[in-house]
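Q: Take a look at this one; I'll ask things after.
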Amino acid sequence: MKKEKVKIELPDLKKARLRRNIAVETIHYETKDEFKGMGIGRTYHIFTYGCQGNEAASEQLAGILESVGYTHAKDPYDADVVLLNTCAIRENAEQRIWGVLGQLKSRKIAHPDMIIGIVGCMPQEENATKKLEESYRFVDIVLGTHNQHHLLDLISKAHKLNQRVFEVLSTEGNILEGAPVKREYKHKAWVNIMFGCDEFCTYCIVPYTRGRERSRAKDDILAEIRGLVKDGYQEVTLLGQNVDAYGKDLGPDYTFGDLLYDIDKTGIKRVRFTSSHPRDLDTKTMLAMRDCKSVMPHLHLASQSGNNEVLKRMNRKYTKELFMEKINELRSYVPDVSITTDLIVAFPGETEEQFKDTLTFVSEAKFEGAYTFIYSPREGTPAATWPNPLTEEEKHDRLNRLMEIVNEGYLNGHKRFLDQDVNVLVDGESKNGNGMLMGYTEHNKVCHFKSDDLSLVGKIVKVHVTEVKSWFMIGELKNEE
Ligand code: SAM
Ligand code: SF4
Ligand code: F3S
């Protein structure tokens, strides 16, 4: 039977740009009585794309589903509910999603009862949602980033009424507290400290898909972390698009640095955070990195370019010199800190000379790793309308030249630990087996070591580094901490 679509609200990029001075709503999650047990005997599978924010969101979607009885299906093609938690950051992120949807179509034809849902950032784009509406008629539910807590309503409507349900809100966003979470690991956890972004870098879609910057109350964050400590968690990663702006929307008195000092007192062993913005990174945060034993000596600080003219056109609001000042200040407090970054090449109008400035800057900054991207136009953002005469070959050539320098940084970052002892939080078995376990060091380096003792998973162990490669280190297990 052909499904009807219930029209609720479709996204609007112009509305998504609005930043009004209105109070942020905090929603306390509750399971409606009518949904209790609705998933018993049914299964789900979630595909997750994009940033850590999306990984955290998927853990919440899984928690919501499991709270009413759904169980996880390893094989997506066996599941009764399949969700694609999508990313819109670059064209290729979206292409992957259209590809997976194509594969799911035949499964849906064979099993018409299966619910296919698109959630996350992609539905927040007008054109993506129109395409889903018109050309992907086997998609049952479409849900944006602001209304995850409506997941069960949408599934239930799609089922009971045999309708396609689209609900994508272009609001400035709310804060959801108390939703169930099914965490992937038992020893490390994502903790959202804020949502949204007000930076409006000219290339970036995130401020449109995630709404305005809004911080969770510190008491809610601290209570969540205390709960995690009680449950045996060793590490938290604090999440936000610009964690250094934490608290600015709540008042002038309590900053991200203050939050780090308070989290240190909860007894959690390791604290990481991402992402930092160079303009907002302040001395208090750097001092917290020095003073708090739990705050790990690693900073991911996106630079994007090493040329001031390009940075200006990106609307990054700092210069290369300010960026260098900030990392030098941090290094004066935490001399062995490892710094990684994000870089974009072939931004509209970037000249060869401006690109070479980025190469010089990357060497000078001594980054120990970087995510490198070719600029990808995002409809609705200012830069998408700017001319970009470079050919695909020229863009890839710039990316390759940049990656050569970045890769040297990765290797140098590992070499400094050769023949030294490092503390590794063990994640599990190494992917290629052979009796090795793997985990992350305090400086966020991947380290493998020989052991088949799975009881070490989730523990912090000492490893003596014996060999280093570009992407990982290898060592020998010494003893448990
Ligand atoms: N808020 C974070 C920050 O500014 O550090 C990062 C957000 S974004 C999820 C991760 C990275 O994607 C950015 O730092 C940027 O390098 C890259 N990015 C964002 N928009 C892009 C675009 N249109 N094309 C290519 N890369 C992009
Ligand atoms: Fe995007 Fe810039 Fe916000 Fe990062 S700071 S999410 S790059 S707009
Ligand atoms: Fe992608 Fe949305 Fe994150 S666009 S990078 S999933 S905020």
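Q: Return a whole-number percent for the relative contact order of the stretch 393-481, with Cα pairs under 8 Å and 6 or more residues apart as the contact set.
A: In percent, rounded to a whole number, it is 28.
Q: Something else now. Place the peptides 340-346, 395-401 in order of packing, highest mean first, counting for every residue the other Cβ atoms within 10 Å and averaging per peptide.
A: So the order, starting with the most tightly packed, is 340-346, 395-401.
Q: Could you order the peptides 382-393, 297-308, 312-323 from most to least packed, using the average number of other C-beta atoms within 10 Å per residue?
A: Highest-to-lowest ranking by the protection proxy: 297-308, 312-323, 382-393.
Q: Another one. Distance cut-off 28 Å, Cα to Cα: go down the list Lys105/Lys130; Lys131/Lys160; Lys182/Lys218; Lys188/Lys293; Lys105/Lys188; Lys445/Lys478 and report the pairs above it.
A: Going by Cα-Cα distance, Lys105/Lys188 fall outside the 28 Å limit.
Q: Next question, about the same structure. Classify the stretch 9-106 as rounded, prolate or oblate from the Cα gyration tensor: take a ≥ b ≥ c as the square roots of its eigenvalues, call it rounded if a/c is under 1.5, otherwise prolate when a/b beats b/c and oblate if not.
A: oblate
Q: Right, next: Can you run the Rg to Rh ratio on the stretch 145-207? Use alpha carbon positions and the Kirkwood inverse-distance Rh.
A: Here Rg/Rh amounts to 1.05.
Q: What is the stretch 304-371 by shape, rounded, prolate or oblate, if you read a ≥ b ≥ c off the alpha carbon gyration tensor as root eigenvalues and call it rounded for a/c under 1.5, prolate for a/b larger than b/c, and oblate otherwise?
A: Verdict is prolate for the stretch 304-371.
Q: Right, another one. Compute all pairwise cysteine Cβ distances in the chain, then list the cysteines with no distance under 4.7 Å to another cysteine.
A: So, Cys51, Cys87, Cys121, Cys197, Cys292, Cys447.
Q: Using alpha-carbon pairs under 8 Å, 6+ residues apart, how would you state the relative contact order of the stretch 318-449 in percent?
A: Reported as a whole number, the value is 21 percent.
Q: Still on this structure, I have one more. Given 20 °C and 1.002 mPa s, compute D for the stretch 420-481 with the Stokes-Einstein relation, Rh being the Kirkwood radius over Cα pairs; round to the nearest whole µm²/s.
A: Stokes-Einstein gives a translational diffusion coefficient of 194 µm²/s.
Q: Still on this structure, I have one more. Which whole-number value in Å² is the accessible area per residue of the stretch 194-408, probe 1.4 Å?
A: 40 Å²
Q: In addition: Cα-Cα pairs above 20 Å in the stretch 194-408: how many percent?
A: Percentage above 20 Å: 60.
Q: How large a share of the accessible area of the stretch 170-238, in percent, is made up of carbon and sulfur atoms when the probe is 1.4 Å and the other protein chains stay in place?
A: The computed percentage sits at 48.
Q: Taking just the alpha-carbon atoms of the chain, what radius of gyration and Dmax come out, in angstrom?
A: Final numbers for Rg and Dmax: 22.9, 67 Å.
Q: Sort the following peptides by mean Cβ neighbour count (other Cβ atoms within 10 Å, averaged over residues), highest first: 28-38, 245-255.
A: So the peptides 28-38, 245-255, ranked by packing, come out 245-255, 28-38.
Q: Remind me, relative contact order of the stretch 67-180 in percent, using alpha carbon pairs under 8 angstrom and six or more residues apart?
A: 23 percent
Q: Which of the helices in the chain meet the span-like rule: DSSP H, Cα axial reach of 24 Å or more, Kyte-Doolittle mean at least -1.0?
A: Those that clear 24 Å and a mean of -1.0 are 91-110.
The values are calculated or read from the model by the stated rules, or taken from the named source; none is laboratory data. Every value quoted in this text rests on a predicted model; they were computed, and no experiment measured them. Virtual Cβ from ideal backbone geometry, glycine too; neighbours counted across all protein chains shown. For accessibility, only protein heavy atoms count, side chains too; no ligands or nucleic acids. Shrake-Rupley method; radii C 1.70, N 1.55, O 1.52, S 1.80 Å.
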